[in-house]
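The values are calculated or read from the model by the stated rules, or taken from the named source; none is laboratory data. What you are looking at is a predicted structure, and each value in this text was computed from that prediction instead of being measured. Here the Cβ positions follow ideal geometry from the backbone for every residue, glycine too, while neighbour counts run over all protein chains shown. Surface accessibility is based on the protein's heavy atoms, side chains included, excluding ligands, DNA and RNA. Shrake-Rupley method; radii C 1.70, N 1.55, O 1.52, S 1.80 Å.
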Amino acid sequence: MKKLPVREALVRFPKNCEDKTLIASWHALCHLEADEDLRKQDAEYKQEQDEYIEFIAHTLENGDELPENIISSYLPYHENALMPATNNVKGIIYQLKKFLCC
């Protein structure tokens, strides 16, 4: 499995995605990125989070859906998902602006 920095994975994420497994995966990556400072301070938390992301990655690699409990834990955030809508710079800037302003 190829390893990517989290930000690179977020940029490469599928556009206009409506699949619940992929949306939950997006949220998990965002959570990982947001916890960067905490991960540096707490080795146990970092290991737990790394194992969670690896599980998600293996699930996606196998073409399987995530377990319902993982998907449902992210459902409240689906409406506000700031997933890229297009591959072009304008779409990415729009999503970034939406993220920073709201």
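A few remarks follow.
- Looking only at the stretch 22-38, and only at residues there that are open to solvent by 40 Å² or more (accessible area, probe 1.4 Å) and more than 10 Å from the chain's Cα centre (by Cα), the one that is farthest from V11 (Cα to Cα): L38
- Any hit, the stretch 52-72, residues being among the aromatic types (F, W, Y), open to solvent by 60 Å² or more (accessible area, probe 1.4 Å) and either modelled with pLDDT of 90 or more or at positive phi (or both): yes
- Of all residues making up the stretch 1-10, the number that are within 10 Å of the chain's Cα centre (by Cα) and either in contact (Cβ under 8 Å) with a residue 60 or more places away in the chain or open to solvent by less than 80 Å² (accessible area, probe 1.4 Å) (or both): 3
- Test for K46: is it outside any helix (DSSP H, G or I) and modelled with pLDDT of 70 or more: no
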